[in-house]
Every structure is written in structure tokens, then in C-alpha cells.
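Here is the structure we will look at.
None of the figures in this text is laboratory data; all of them are computed from the coordinates on show. As the structure is a computational prediction, the values presented were derived from the model and not from experiment. Ideal geometry is used to build each Cβ from the backbone, glycine not excepted, and the neighbour counts take in all protein chains shown.
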Amino acid sequence: MNATTSLPEITSVEQARGVLTSVFQELQQARWRVAQLEKELYGPSSERQAPESNLSKEQVLPFLVPPAD
């Protein structure tokens, strides 16, 4: 998603509806992303994650499952 969106020349009501629908969907996505970031920043401390705790499944698995003998 770009910070600036160029709009095409609108020549019909149907085209305007399509453009508005697209812009509205982008706005909804942006609001959702902001809400997620706000939860991460301002949520309860139990939900906060330190940057070093963002490990992939492959990185966590060796700590959970002992190696097979």
C-alpha cells in the first residue's frame, strides 16, 4: 500500500463507486494495522513481546523437544 494513492479520472458513477470501495478497503486495512500496533505498544505487559523473543518455530522447537537418542 502506498502512502499516496493516485486516483484515475472518474467518468461514471460506477467507476466512482469502485474507486471509493478500493479506498475504503485500504482505509480499513490501515486502521486494523494501527490497532494492532497500538495493542502491541500499549497493551497489558503480559502481552508485550520483547524483540529478542520473536523466534521462529524452528528456533523454539529444540528447546521444547529433547533430541532423540
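Which cross-chain or sequence-distant (5 or more) residues have an amide H under 5 Å from the amide H of Ile10, H modelled 1.01 Å from N in plane?
Amide H neighbours of Ile10: none.
Pop a pseudo-label 7 angstrom from the Cα along the beta-carbon direction at both Arg17 and Gln29 and give the gap in nm to one decimal.
2.3
Using θ = phi - 60° and the Karplus form 6.51 cos²θ - 1.76 cosθ + 1.60, what ³J(HN,Hα) does each residue of region 11-24 get, whole Hz, x for Gly and Pro?
Along region 11-24, the couplings run 10, 8, 5, 5, 5, 4, 4, x, 5, 4, 4, 5, 5, 4 Hz.
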